[in-house]
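Only one structure is covered here, and it is reproduced in the block below.
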Amino acid sequence: MAAVVLLSGGLDSVTTLFVAKAEGHEIYCISFDYGQRHRFELQCATEQARRAGALEHHTVKIDPVLFQDRSSHSATALIAGGAAVPENRSELLTGAAEKQIPVTYVPARNLLFLAYALSFAESRSAGYLYIGANALDYSGYPDCRPAFLQSFETTANLGTKAGIEGQGFSLKAPLVDDTKADIIRRGLKLGVDYSMTSSCYQPSDKGRPCGRCDSCLLREKGFAEVGVEDPLLLKDLA
């Protein structure tokens, strides 16, 4: 049966894309342009969808004002003009930051994205939704946790024609309990080209990562634990 993959262009979502492909699904991809600082990831999403042989890939544009508290700029650091992106948080790598919801949290982002993906899936008779959510490295995000994902699957089957008529939907988060190193190992076995992924919250226009944000630190740690160089850093991104 067909599957819709939420594809940001980051390391986790691209790995998830190729997991879905390896599991034998016909693939539809959906990405989101919501005014994120790291819009370079959308170029990666387009290329990876092509490489995976997706039947369709759509990028949905969402007005970033929906995610921004204009009075304090405190809602999210991922939107241009918002709060500063945290840098060099060593406590992130030791687990000390686990229980904090970071300023890079985007209000109910995965809930909104999954709702779009569900509508897309029902229109294409796709019974599976794949999301690259990870509750281990990103446990500060409430919309990446298994309890939320399980709840959404229930809602999807209660609130759709397909669900009521018995066809139903299955929400897959194959990386939810993996470390970043586990994810990279899995992706390498599937032939994922990580040079065409972007994890940085504030990359250059050509995709050069800052090397200081939370996502960069976790990605660096993952590749170090696997014992391979990050191919993104081997590219000429000047």
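At a glance:
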read-out	value
Segment Arg212-Asn88, length gained on full extension (0.36 nm per residue, minus Cα span)	44.1 nm
Sparse-neighbourhood loop sites, trypsin sites (Lys or Arg not before Pro) in segment 141-238 - DSSP loop, at most 11 other Cβ within 10 angstrom	Lys206
Antiparallel bridge percentage (DSSP; both residues within the chain; nearest 5)	10
Neighbourhood net charge (14 Å Cβ-Cβ; Lys/Arg +1, Asp/Glu -1) for Ala121	-1
GNM flexibility winner over the chain from Gln167, Gln36, Gln68 (Cα, springs under 10 Å)	Gln167
Hull volume in cubic angstrom per residue (convex hull over the Cα atoms of the chain)	116
For the chain: accessible area per residue (Å², 1.4 Å)	46
Cα long-axis angle, helix 40-51 against the chain (0 to 90 degrees, to the nearest 10)	50
Fraction of accessible area attributable to carbon and sulfur, the chain (%, probe 1.4 Å)	52
For peptides 77-85, 222-230, sequence by mean Cβ density within 10 Å, most packed first	77-85, 222-230
Under 13 Å, Cβ to Cβ, from Leu149 - net charge with Lys/Arg +1 and Asp/Glu -1	-1
Segment 15-70 versus segment 214-232: alpha-carbon centroid distance in Å	22
Net charge, Arg219 excluded, C-beta distance under 9 Å - Lys, Arg +1, Asp, Glu -1	0
Percentage, to the nearest whole number, of Cα pairs in segment 94-206 over 23 Å apart	41
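The values are calculated or read from the model by the stated rules, or taken from the named source; none is laboratory data. All values reported here derive from a predicted model rather than from experimental measurement. Counting neighbours? That spans all protein chains shown, and the Cβs are built from the backbone with ideal geometry, glycine included. With ligands, DNA and RNA removed, areas are computed over all heavy atoms of the protein, side chains included. Shrake-Rupley method; radii C 1.70, N 1.55, O 1.52, S 1.80 Å.
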